[in-house]
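Trainee: The structure under discussion is supplied below as structure tokens; questions concerning it will follow.
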Amino acid sequence: MTWKQQAQRIHTEGQTFYFACKHPRVPWYAKVIAVCTAGYLFSPIQLIPSFIPAVGFLDDFLVLFLGVKLLQRIIPPDILTECRQRANIAEMRRNDEVRSKAAVVAVLTVALVWLFAAITVGGMIASYIPLAIKK
């Protein structure tokens, strides 16, 4: 699998657990585990700070791995399958929306406006530099 496929799979799994947490038949303690796992990952207070190269992300990975494995055991398989299907449908819908013509036009418009602004500001700075050097 490529990195893009792995990232897509992780994203879909995250959405699966999101849908599972909203499902009425999921036990409350599974929801608590999901919230605690996500809370630890986004918390600025951690056992090993994330700014330490490689080692800093190991505790994040370990908490995520254990949280996912625990949730897979606690959530009933039929609910997990249903939520996985909902996540796949949402992913296909999102891919269709991204490929729409309006989205392409919007991205190109923003890129052209940004490019025009960058050229204009660059030209203004370039015209100011010779004046500053002569003084």
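All of the numbers you see were taken from the coordinates with simple rules; none came from a lab. Here the structure is a predicted model, which is why all the values come from computation and not from measurement. Here Cβ is always computed from backbone atoms with ideal geometry, including for glycine, and neighbour counts include all displayed protein chains.
Trainee: Among CYS21, CYS36, CYS83, which comes first, then next, by fewest other beta-carbon atoms within 10 Å?
Mentor: CYS36, CYS21, CYS83
Trainee: Lys pairs in the chain, Cα-Cα under 23 Å, at least 8 apart or on separate chains: how many? The partial results should precede the final answer.
Mentor: Working: LYS4/LYS69; LYS22/LYS31; LYS22/LYS69; LYS31/LYS69.
Within the chain, the lysine pair count is 4.
Trainee: Next question. Could you compute the FRET efficiency for VAL55 and MET124, with r as their C-beta to C-beta distance and R0 at 41 Å, rounded to 0.05? Walk me through the numbers on the way to the answer.
Mentor: Details: r = 46 Å, r/R0 = 1.13.
Rounded to the nearest 0.05, the efficiency is 0.30.
Trainee: Show me, for the stretch 79-88, the HN-Hα J-couplings you get by feeding each phi into the Karplus relation (A = 6.51, B = -1.76, C = 1.60, θ = phi - 60°), rounded to Hz, glycine and proline as x.
Mentor: Along the stretch 79-88, the couplings run 5, 5, 5, 4, 5, 5, 5, 5, 5, 5 Hz.
Trainee: Which residue fluctuates most in the GNM of the chain (Cα springs below 10 Å): ILE89, ILE52, ILE33?
Mentor: Answer for the Gaussian network model of the chain: ILE52.
Trainee: Please turn the phi angles of the stretch 104-118 into ³J(HN,Hα) values with the Karplus equation 6.51 cos²θ - 1.76 cosθ + 1.60 (θ = phi - 60°), one per residue in order, whole Hz, x for glycine and proline.
Mentor: For the stretch 104-118, the Karplus-derived couplings read 5, 4, 5, 5, 5, 5, 4, 5, 5, 5, 5, 4, 4, 5, 5 Hz, x marking Gly and Pro.
Trainee: If eta is 1.306 mPa s and T is 10 °C, what Stokes-Einstein diffusion coefficient results for the chain, Kirkwood Rh from Cα pairs, in µm²/s?
Mentor: Numbers: Rh = 19.1 Å.
D, rounded to a whole number, is 83 µm²/s.
Trainee: Pop out the ³J(HN,Hα) list for the stretch 34-41 in order, Karplus 6.51 cos²θ - 1.76 cosθ + 1.60 with θ = phi - 60°, rounded to Hz; leave Gly and Pro as x.
Mentor: After applying 6.51 cos²θ - 1.76 cosθ + 1.60, I find 5, 5, 5, 5, 5, x, 5, 5 Hz.
Trainee: With the chain treated as a Gaussian network of Cα nodes joined by springs under 10 Å, which of ALA30, ALA20, ALA117 yields the largest mean-square fluctuation?
Mentor: Its mean-square fluctuation being the largest, the pick is ALA117.
Trainee: In which sequence would LYS22, LYS101, LYS31 go, from the one with the fewest C-beta neighbours within 10 Å to the one with the most?
Mentor: Working: LYS22 11, LYS101 7, LYS31 18.
Fewest-to-most Cβ neighbours within 10 Å comes out as LYS101, LYS22, LYS31.
Trainee: Helix-only estimate, please: 222 nm mean residue ellipticity of the chain, summing -39500 (n - 2.57) across DSSP H runs of length 4 or more and dividing by its residues, to the nearest 500.
Mentor: Values: 5 runs with 111 residues, N = 135.
Result for the chain: -28500 deg cm²/dmol, rounded to the nearest 500.
Trainee: Follow-up question, since we're still on this one. Could you give the length gained on full extension between ALA117 and TRP28, defined as 0.36 nm per residue of separation minus the Cα-Cα distance, in nm?
Mentor: My answer for the length gained is 26.9 nm.
Trainee: Looking only at THR37, THR12, THR120, which one moves most when the chain is put into a Gaussian network model with springs between Cα atoms under 10 Å?
Mentor: THR120
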